[in-house]
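**Student:** First the structure, then my questions, so here it is.
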Amino acid sequence: MFNALQILNTSISNALISLYNLSSVELSFQKTKSDFEGDFTLVTFNLTKPTKQSPDAIGKAIGDYLLLHEPIVEYYNVVKGFLNIGLKSNFWLSYFENIRENSGIGLKAKNSSGKTIMLEYSSPNTNKPLHLGHIRNNLLGFSMAKVLEANGHKVIKANLVNDRGIHICKSMLAWLKLGKGETPQSSKMKGDHLVGKYYVEFDKLYKAEIAELVKQGKSKEEAEKSAPVILEAQQMLQRWESGDKDVIELWKLMNSWVYDGFKETYANIGVAFDKMYYESNTYLLGKELVEEGLTKNVFYKKQNGSVAIDLSNDGLDEKIVLRSDGTSVYITQDIGTAIERFKEFPELQQLIYTVGNEQDYHFKVLFKILEKLGYKWAKECYHLSYGMVELPDGKMKSREGTVVDADDLLQEMYETAERTTSELGKVEGFTEEELKTLYRTISLGALKYFILKVDPKKKMLFNPAESIDFNGNTGPFIQYTYARIKSILRKAEKIEKFDINRIELTPIERELIRTIYDFEAIIEEAAKLYNPSIVANYAYELTKLFNRFYHEFNIIREEDATLKNFRLSLSQSCSHVIQNSMDLLGINVPDRM
RNA sequence: GGUCCCAUAGCUCAACUGGAUAGAGCAACGGUUUUCUAAACCGUAGGUCGCAGGUUCGAGUCCUGCUGGGACUACCA
């Protein structure tokens, strides 16, 4: 009923039939640029060939047709082949009347699409604390889940914890050698940081041994393979795999430290999971599938006994799926876990992996193998690939300690929020507890928005020296605008009934309604493109627009009661959309700040 | 060597997926508060969209080549 594009599309299609006897033509619409008069713009260039008319003539002919036949159209103008169409204020006002009581504008009802999606994200290693790169993963995954839910899908948020492997053994070994029984309690250190400390210690030992061996005349490569400490770590991994009691016990202990730490960080940034997977349970999966793949001739055995798949016809290379000693490689278990998940959740229709773009190739191979094994759902697997977070001097490396630690950053942001807030001095009457919540809301808002406003596909730069801004295109700016609206609504106390037909829209009011109207399409687009930054940029646009409105009119002092209540109601709807769009990003908004 | 990704204002990012005069924020400069929260608003300045071709009525966007940056290419995870 209020789908303007659909209405226009139908009317213009009719116009083309009536005017040129043309049917089934793809029409190209866009939002009218703000420098021109209108709401929607039809691009007419692609119609010149079939109609043999000039763009301007087509625009004029369609425009005239619309004026006669389409009641929602008020006026039109044609500029250089662009047909700008203005809808009647009446259309926008009835739309607004229709949605203004609705606090969930644009959101689809829960599970209304009937589609179930598993979205994997976070998936940390348990040998080190989370850094800014992991934060991007977590925020992106969590937000994407929210966006998909807003489109009516059921989302199972999954976390596959990489809790085993050589890297964990490195931490364990270094702790045994140097730890002197140190625990999170004894050191007053967060568990994941403590384990991470020994991961770095291992690397130091390892590097020293390599240097020593090189000095003795070995090549670097040889040294890396034969350094005693790495051999010891490998041995430890073998003992783990054979179920050695001591190793398993230490592994459990150190992992439990890490989990306590992660739990705290996850709670702090406000992400959650529906389903936890652990690689120690899944790493053997997939081996039996290799057998299946062999009988299907998808895989082949090489002379040395290893099993591989040739993907060179698909633009990829040969990929080993089983070592010559019969053990799995990483992709083997990925094949296994994917299949396992579709068995576990028969209703599953899509599987999304939130993993950095370093693994683009890996997922191409994985999906291709699944396809070749004959799983129909293989084409519903999607790699939500995101770019690395880089520092001014390059990529972050845990081993070398050149990382922005997640917990440190969150703490820093919190302190900045606290300092900025008290400098501005607008929080009289807040309790200690309310202040803490506010600082958290603002600091997380700043960080999350900073990360999510960037297109996930692109790498992004974080400059610790400049930190994250609280002014301009930022989370706190949007939160502030929300608080402003809430303040007005508090002061007004209530919105009285008003006759919408008495309203004459000013340009900015019209633009606000129009922008609210766009929200639904934005949510759909963000899901379609797997891109929360579309929501972030939208929230900013709406917020900026509202601030202009706010400066242009004093809402509370408006003497015309109809106008006043209309503007209050419009402000309220803006607050709903701002709140909902921020919620899709996993960001809270405060009533006061 | 091969494959893939990226390059837009001094800095960080947009550009509705091929459409109009490429837009925001930060930083710089100037203005706005006895009026609903100045974490705001208005204005000025800032661009050979890495370079060179091509396709198209139309290219930041698509194709080719080049330059610069990055990732992947392991019987690592």
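**Student:** Report whether or not A:Tyr414 is in a helix (DSSP H, G or I) and of a type in the set (Ser, Thr, Tyr).
**Tutor:** So A:Tyr414 passes the test.
**Student:** Can you tell which of A:Gly196, A:Gly114, A:Gly133 is more than 27 Å from A:Ser533 (Cα to Cα), out of contact with any His (no Cβ under 8 Å at 6 or more places or on another chain) and of a type outside the set (A, V, I, L, M, F, W, C)?
**Tutor:** Step by step, each of A:Gly196, A:Gly114, A:Gly133 is checked, and only A:Gly196 is more than 27 Å from A:Ser533 (Cα to Cα), out of contact with any His (no Cβ under 8 Å at 6 or more places or on another chain) and of a type outside the set (A, V, I, L, M, F, W, C).
**Student:** Next up: Using the structure shown, decide if A:Thr416 is farther than 30 Å from A:Lys197 by Cα and of a type outside the set (Gly, Ala, Ser). It would help to see each step written out before you state the result.
**Tutor:** On the way: farther than 30 Å from A:Lys197 by Cα: no; of a type outside the set (Gly, Ala, Ser): yes.
Judged against the criteria, A:Thr416 is not a match.
**Student:** Could you say which residue among A:Glu558, A:Glu552 is farther than 23 Å from A:Asn137 by Cα, free of Cβ contacts under 8 Å to residues at least 12 places away in the same chain and in contact with a helix residue (DSSP H, G or I) (Cβ under 8 Å, 6 or more places away or on another chain)?
**Tutor:** Going through A:Glu558, A:Glu552 in turn, the sole match is A:Glu558.
**Student:** Okay, moving on. Working carefully through the options A:Lys457, A:Lys426, A:Lys448, find the one that is assigned to a loop (DSSP other than H, G, I, E, B) and surrounded by 14 or more Cβ atoms within 10 Å (Cβ to Cβ). Walk me through how you get there before you give the answer.
**Tutor:** On the way: A:Lys426 fails: surrounded by 14 or more Cβ atoms within 10 Å (Cβ to Cβ); A:Lys448 fails: assigned to a loop (DSSP other than H, G, I, E, B).
Just a single option satisfies the conditions, and that option is A:Lys457.
**Student:** If you don't mind, another one. Among the residues of the range A:430-445 satisfying the criterion of being among the hydroxyl-bearing types (Ser, Thr, Tyr) and in a helix (DSSP H, G or I), which is surrounded by the most Cβ atoms within 10 Å (Cβ to Cβ)?
**Tutor:** A:Ser443
**Student:** Follow-up question, since we're still on this one. If I ask for residues that are hydrophobic (A, V, I, L, M, F, W, C), within 23 Å of A:Met1 (Cα to Cα) and in a helix (DSSP H, G or I), which ones from the range A:61-95 would you list?
**Tutor:** A:Ile62, A:Leu66, A:Leu67, A:Leu68, A:Phe91, A:Trp92, A:Leu93
**Student:** Additional query: Those residues that are surrounded by fewer than 12 Cβ atoms within 10 Å (Cβ to Cβ) and either within 20 Å of A:Asp39 (Cα to Cα) or in contact with a Pro (Cβ under 8 Å, 6 or more places away or on another chain) (or both), I need them from the range A:11-21; list them, please. Write out each step before concluding.
**Tutor:** Taking the range A:11-21 first, the residues surrounded by fewer than 12 Cβ atoms within 10 Å (Cβ to Cβ) are A:21.
Within the range A:11-21, none qualify.
**Student:** Out of everything in the range A:437-461 that is more than 6 Å from RNA strand B (Cβ to nearest atom) and in contact with an Asp or Glu (Cβ under 7 Å, 6 or more places away or on another chain), what residue ends up being modelled with the lowest pLDDT? Talk me through it step by step, then tell me what you get.
**Tutor:** Here is the first cut: in the range A:437-461, the residues more than 6 Å from RNA strand B (Cβ to nearest atom) are A:437-441, A:443-452, A:456-457, A:459.
Among the residues that remain, those that are also in contact with an Asp or Glu (Cβ under 7 Å, 6 or more places away or on another chain) are: A:439, A:459.
Working: A:Tyr439: 97, A:Lys459: 92.
Per the stated criteria, the residue is A:Lys459.
**Student:** Further question: If we keep just the residues of the range A:22-47 that are near RNA strand B (Cβ under 6 Å from one of its atoms) and assigned to a strand (DSSP E or B), which is surrounded by the fewest Cβ atoms within 10 Å (Cβ to Cβ)?
**Tutor:** A:Gln30
**Student:** Considering only residues that are in contact (Cβ under 8 Å) with a residue 12 or more places away in the chain, surrounded by fewer than 23 Cβ atoms within 10 Å (Cβ to Cβ), under 20 Å from A:Asp260 (Cβ atoms) and among the aliphatic types (A, V, I, L, M), which ones fall in the range A:161-194?
**Tutor:** Matches in the range A:161-194: A:Val161 only.
**Student:** If I filter the range A:87-127 down to residues being out of contact with any Phe, Trp or Tyr (no Cβ under 7 Å at 6 or more places or on another chain) and acidic (Asp, Glu), which single residue comes out as nearest to A:His153 (Cα to Cα)?
**Tutor:** Among them, the one singled out is A:Glu101.
**Student:** Right, something else. Assuming A:Ser575 fulfils every condition listed in (1) more than 11 Å from RNA strand B (Cβ to nearest atom); (2) more than 30 Å from the chain's Cα centre (by Cα) apart from one, which condition is it?
**Tutor:** Of (1) more than 11 Å from RNA strand B (Cβ to nearest atom); (2) more than 30 Å from the chain's Cα centre (by Cα), only one is false for A:Ser575: (2).
**Student:** Is it the case that A:Asp560 is under 27 Å from the mean Cα position of the chain (by Cα) and either within 12 Å of RNA strand B (Cβ to nearest atom) or farther than 15 Å from A:Leu107 by Cα (or both)?
**Tutor:** Considered against the rule, which asks whether it is under 27 Å from the mean Cα position of the chain (by Cα) and either within 12 Å of RNA strand B (Cβ to nearest atom) or farther than 15 Å from A:Leu107 by Cα (or both), A:Asp560 comes out as no.
**Student:** Assuming A:Ile58 fulfils every condition listed in (1) surrounded by 15 or more Cβ atoms within 10 Å (Cβ to Cβ); (2) outside any helix (DSSP H, G or I); (3) within 16 Å of RNA strand B (Cβ to nearest atom) apart from one, which condition is it?
**Tutor:** A:Ile58 satisfies every listed condition except (2).
**Student:** A further question follows. Between a first residue in the range A:358-380 that is under 11 Å from A:Ile335 (Cα atoms) and touching a residue at least 60 places away in the same chain (Cβ under 8 Å) and a second residue that is part of a helix (DSSP H, G or I) and of a type in the set (Val, Ile, Thr), which pairs have beta carbons less than 7 Å apart while being 6 or more apart in sequence or on different chains?
**Tutor:** Close Cβ pairs satisfying both conditions: A:Ile369/A:Ile335.
**Student:** Restricting attention to the range A:304-322, does a residue exist that is outside any helix (DSSP H, G or I), surrounded by 13 or more Cβ atoms within 10 Å (Cβ to Cβ), outside the structural domain of A:Glu209 (by TED's automatic domain parsing) and more than 35 Å from the chain's Cα centre (by Cα)?
**Tutor:** There is at least one residue in the range A:304-322 that is outside any helix (DSSP H, G or I), surrounded by 13 or more Cβ atoms within 10 Å (Cβ to Cβ), outside the structural domain of A:Glu209 (by TED's automatic domain parsing) and more than 35 Å from the chain's Cα centre (by Cα).
**Student:** What's the number of the only condition in (1) crowded, with 17+ Cβ neighbours inside 10 Å; (2) within 9 Å of RNA strand B (Cβ to nearest atom) that A:Leu66 fails to meet?
**Tutor:** (2)
**Student:** Out of curiosity, is A:Ile534 of a type outside the set (Phe, Trp, Tyr), near RNA strand B (Cβ under 7 Å from one of its atoms) and in contact (Cβ under 8 Å) with a residue 60 or more places away in the chain?
**Tutor:** no
**Student:** Among A:Glu390, A:Glu415, A:Glu428, A:Glu434, which is in the same structural domain as A:Gln572 (by TED's automatic domain parsing) and within 12 Å of RNA strand B (Cβ to nearest atom)?
**Tutor:** Among A:Glu390, A:Glu415, A:Glu428, A:Glu434, only A:Glu428 is in the same structural domain as A:Gln572 (by TED's automatic domain parsing) and within 12 Å of RNA strand B (Cβ to nearest atom).
**Student:** Which of the residues belonging to the range A:129-176 are closer than 17 Å to A:Ser113 by Cα and in a helix (DSSP H, G or I)?
**Tutor:** Our first condition is that a residue be closer than 17 Å to A:Ser113 by Cα; within the range A:129-176, this holds for A:144-156.
Residues satisfying the conditions are A:Met144, A:Ala145, A:Lys146, A:Val147, A:Leu148, A:Glu149, A:Ala150.
**Student:** Tell me which residues, restricted to the range A:513-531, are near RNA strand B (Cβ under 10 Å from one of its atoms) and either hydroxyl-bearing (Ser, Thr, Tyr) or surrounded by 20 or more Cβ atoms within 10 Å (Cβ to Cβ) (or both). Lay out the reasoning, then the answer.
**Tutor:** Keep residues of the range A:513-531 that are near RNA strand B (Cβ under 10 Å from one of its atoms), which gives A:518, A:521-522, A:525-526, A:528-531.
Result: A:Ile522, A:Ala526, A:Tyr530, A:Asn531.
**Student:** So, one more: Which pairs have Cβ atoms under 9 Å, sit 6 or more apart or on different chains, and link a residue in the range A:439-464 that is within 13 Å of A:Arg136 (Cα to Cα) to one that is basic (Lys, Arg) and buried (at least 22 other Cβ atoms within 10 Å of the Cβ)?
**Tutor:** So the pair list comes out as A:Ile451/A:Arg136; A:Leu452/A:Arg136; A:Val454/A:Arg136; A:Pro456/A:Arg136; A:Met460/A:Arg136.
**Student:** What number of residues within the range A:281-302 satisfy the criterion of being touching an Asp or Glu at 6+ places or on another chain (Cβ under 8 Å) and under 24 Å from A:Ile117 (Cα atoms)?
**Tutor:** 3
**Student:** While we're on this one: Taking the range A:292-316 as the search range and keeping residues that are farther than 16 Å from A:Glu371 by Cα and of a type outside the set (Gly, Ala, Ser), which one is farthest from RNA strand B (Cβ to nearest atom)? First the steps, then the outcome.
**Tutor:** Residues of the range A:292-316 farther than 16 Å from A:Glu371 by Cα: A:300-307.
The next check asks that each one be of a type outside the set (Gly, Ala, Ser); those that pass are A:300-304, A:307.
Details: A:Tyr300: 13, A:Lys301: 10, A:Lys302: 6, A:Gln303: 8, A:Asn304: 3, A:Val307: 9 Å.
This residue is A:Tyr300.
**Student:** Which of the residues that make up the range A:465-489 are more than 8 Å from RNA strand B (Cβ to nearest atom) and either without any contact (Cβ under 8 Å) to a residue 40 or more places away in the chain or buried (at least 17 other Cβ atoms within 10 Å of the Cβ) (or both)? Walk me through it before giving the result.
**Tutor:** Kept after step one, since they are more than 8 Å from RNA strand B (Cβ to nearest atom), are these residues of the range A:465-489: A:465, A:467-468, A:475, A:478, A:482, A:485, A:489.
Within the range A:465-489, A:Ile468, A:Gly475, A:Ile478, A:Tyr482, A:Ile485, A:Leu489 qualify.
The values are calculated or read from the model by the stated rules, or taken from the named source; none is laboratory data. Source: prediction; values computed, not measured. Cβ: placed from backbone, ideal geometry, glycine included. Neighbour counts: every protein chain shown.
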